Structures are given as C-alpha cells and as structure tokens.
Amino acid sequence: MDDACQKSKKIILENDFLSADIYPNLGGLCRSLKFKKERELLAWPDGFDPEQYQKISGGLPLLFPICGRLSRNKKSGQYLYDHQIFNLNIHGFLYKLNSEILEIKTNKIILKLTDSLETRAQ
C-alpha cells in the first residue's frame, strides 16, 4: 500500500449497494453509510469536522474493548483486572487511536491496531 493512502484521513468504500466514509486515523470511525449511493442510513451532522471528533457525540465509532461505562467502588471509568485497578473511558480507546490500513477493497476495509504503552495502561 502506498504512503499517500496510509496517511489519508478518509477512505471511501463503494460498490453497487453501499458506500461508506471511513476514518482510519479515528479508529475506523464510519461517518456516512449510504444504501445504493442515495439513501443515507447513517450520517454525522452537517459540518462534521474529523479534527473536532472528540467533541461530537454520536455517529458510528468502533467501540473497543468495551461498549458503555465502567465503574469500580463508585468511581467512574475504573475496573479491576488481575488484582489491579485500571482506568478506561466510556467506550474504550479504539476510537481515539490511529489504525493501520491493511487492506482496502470495494466492500471492506481491514484495519489493525497495535498494542502500545497507551493501550496496555488501559
């Protein structure tokens, strides 16, 4: 895959039935999903700015490793694993991270998230 494609902020997947706008640098966020290139099934509000994504509520982010909120001992965003307390924001961390593009086709995109100090801390 060429460098220009890897650095792209938006990838458009398109075939005869569906089209989708995907942002791999936002954890695979889907901004728009259209049926037969006409009927919008999912969309962000007009004026969507991927640079301000963290300030927008809604849409179709990929939620990993959790969907929802955690709490431990009445403290929001905490959980216990292997006798240790960890912090994890609502819906995990994937939607905040850049994913590596492994494959793009007309009907799919394969993204990869590699663990890091940041992900292991959560």
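The values are calculated or read from the model by the stated rules, or taken from the named source; none is laboratory data. Predicted, not measured: the structure shown is a model, and the values here were computed from it. With ideal geometry, Cβ positions are generated from the backbone for all residues, glycine too; neighbour counts draw on all protein chains shown. Side chains are part of the model used for accessible areas, which takes the heavy atoms of the whole protein and leaves out ligands, DNA and RNA. Shrake-Rupley method; radii C 1.70, N 1.55, O 1.52, S 1.80 Å.
Averaged over residues, the count of other Cβ atoms within 10 Å places the peptides 106-116, 74-84 in the sequence 106-116, 74-84, highest first.
Counting only heavy atoms of the protein chains and using a 1.4 Å probe, Glu118 has close to 100 Å² of accessible surface. For a label point 7 angstrom out from the Cα of Phe17 toward its Cβ, which stretches of the range 88-122 have the backbone nitrogen within less than 12 Å? Answer for this model: 107-108.
Annotation: Glu38 carries an accessible surface of approximately 150 Å², with a 1.4 Å probe and no ligand, DNA or RNA atoms counted.
Summarising the amide proton neighbourhood of Gly28: residues at separation of 5 or more, or on other chains, whose placed amide H is nearer than 5 Å comprise Tyr23, Ser99. If you plug the beta carbon distance of Gln78 and Phe35 into 1/(1 + (r/R0)^6) with R0 = 25 Å, you get a FRET efficiency near 0.05.
Quick one: of Lys37/Lys108; Lys9/Lys96; Lys75/Lys112; Lys10/Lys34; Lys34/Lys108; Lys34/Lys105, which pairs are farther than 21 Å apart, Cα to Cα?
Lys75/Lys112, as the Cα separations exceed 21 Å there.
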